[in-house]
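Asks: One structure is given below, represented as structure tokens, and several questions about it will come after.
Each reported figure results from applying straightforward, stated rules to the coordinates on display, with no laboratory input. Just so you know, these numbers come straight off a predicted model, no measurement behind them. Quick reminder, even Gly has a Cβ in these numbers, built from the backbone with ideal geometry, and neighbours come from all protein chains shown.
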Amino acid sequence: MSYPTDCLQPILSEEESAIVKSYGGWTSFMMSMGLKAWKAEDEAEGMQILRALAAPDEEEEVQGEAEQDEAAGKS
């Protein structure tokens, strides 16, 4: 298990961590969203944004269900 080197980063899921890493870390992610990593209110907003980014899209869910139906032999 890897631990964040950004001391301001909260505990994240694997999906959330991958997104944050693509921004260069928690502080960079927060700054790119116009938020301050050291402010509690901004951290809460940053987590909401991050959870929305990490959540699967409805379109992806529908496509995934269709692929599962095809694999199961359903039409």
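Asks: Evaluate the distance, in nm, between pseudo-label points positioned 7 Å from the Cα of K36 and of I49 along their respective Cα→Cβ axes.
Replies: Rounded to a tenth, the inter-label distance reads 1.5 nm.
Asks: What are the ³J(HN,Hα) values, in whole Hz, obtained from phi via the Karplus relation 6.51 cos²θ - 1.76 cosθ + 1.60 with θ = phi - 60°, for each residue of region 24-33 in sequence order, with x given for Gly and Pro?
Replies: Computed from phi, the couplings for region 24-33 are x, x, 4, 4, 5, 4, 4, 5, 5, 8 Hz.
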